């Protein structure tokens, strides 16, 4: 089965968000997995994403693989409610590229018991949830894991703008945090904030 990868892009009021970051990640992925495609002109998301003005909050899903971009689809977006997080451990997990095969993440998510979402710990360090990056506020700065499972596009934007800093974050750091924020391409920084009391070991 051929590998396929995804860029999930936020459409807000008919405008696509953070396209340069999505373009850069797509190009890195193509160069790594499909170097023959990189010999030609790279697909340009700004040409492929054509949102309508009526799209107040939509998700654009761009799927690409051996033959370049294979699918572009749009769907209304509704943000999940998350207030509790279950810590799960997996020292071998790898999800460095945003691919369509999420089986390893789904298997871990199945361990969330009665919680809304999971936080994945790898080699004693906090990484991500199953679908977002995260940051903790230690009283002075917003810190995000130095080694996330996936280098998200919003994470890159926040780092470039100096709003978050990279750090090694342990479970102890997480439990002592003043605040915890989850974010991804669809969720702005500050839209999902979790109380440390909502974390289950």
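The values are calculated or read from the model by the stated rules, or taken from the named source; none is laboratory data. The structure presented is a predicted model; accordingly, all values stated were derived computationally and were not measured. In this analysis, Cβ positions are derived from the backbone assuming ideal geometry, glycine residues included, and neighbour counts consider all displayed protein chains.
Of all residues in the stretch 152-178, those that are outside any loop (DSSP other than H, G, I, E, B) and within 17 Å of the chain's Cα centre (by Cα) total 10. Number of residues in the stretch 141-151 that are without any contact (Cβ under 8 Å) to a residue 60 or more places away in the chain and closer than 24 Å to residue 104 by Cα: the value is 7. The condition of being closer than 27 Å to residue 4 by Cβ and either touching a residue at least 12 places away in the same chain (Cβ under 8 Å) or surrounded by fewer than 19 Cβ atoms within 10 Å (Cβ to Cβ) (or both) does not hold for residue 126.
Among the residues of the stretch 1-23, just one is more than 14 Å from residue 48 (Cα to Cα) and without any contact (Cβ under 8 Å) to a residue 24 or more places away in the chain, namely 1. Among the criteria (1) more than 30 Å from residue 175 (Cβ to Cβ); (2) touching a helix residue (DSSP H, G or I) at 6+ places or on another chain (Cβ under 6 Å), the one residue 43 does not fulfil is (2).
For the stretch 152-165, filtered to residues that are over 12 Å from residue 134 (Cβ atoms) and either touching a strand residue (DSSP E or B) at 6+ places or on another chain (Cβ under 6 Å) or in contact (Cβ under 8 Å) with a residue 24 or more places away in the chain (or both), the residue that is surrounded by the most Cβ atoms within 10 Å (Cβ to Cβ) is 153. If I ask for residues that are assigned to a strand (DSSP E or B) and within 28 Å of residue 33 (Cβ to Cβ), which ones from the stretch 67-88 would you list? Once the filter is applied, which keeps residues that are assigned to a strand (DSSP E or B) and within 28 Å of residue 33 (Cβ to Cβ), the stretch 67-88 yields 68, 69, 70, 71, 72, 73, 74, 75, 88.
Among the residues of the stretch 108-131, those identified as over 11 Å from residue 150 (Cβ atoms) and assigned to a loop (DSSP other than H, G, I, E, B) are 110, 111, 112, 113, 114, 115, 116, 123, 124. Note on the stretch 9-36: residues that are crowded, with 17+ Cβ neighbours inside 10 Å and part of a strand (DSSP E or B) amount to 4. At negative phi and not assigned by TED's automatic domain parsing to the domain that holds residue 155, is that true of residue 47? For residue 47, the condition - at negative phi and not assigned by TED's automatic domain parsing to the domain that holds residue 155 - is met. Per the listing 36, 81, the residue uniquely under 30 Å from residue 170 (Cβ atoms) and free of Cβ contacts under 8 Å to residues at least 40 places away in the same chain is 81. Only one of the listed residues (143, 149, 134, 105) is in contact with a strand residue (DSSP E or B) (Cβ under 9 Å, 6 or more places away or on another chain), modelled with pLDDT of 95 or more and either assigned to a loop (DSSP other than H, G, I, E, B) or surrounded by fewer than 19 Cβ atoms within 10 Å (Cβ to Cβ) (or both). That residue is 149.
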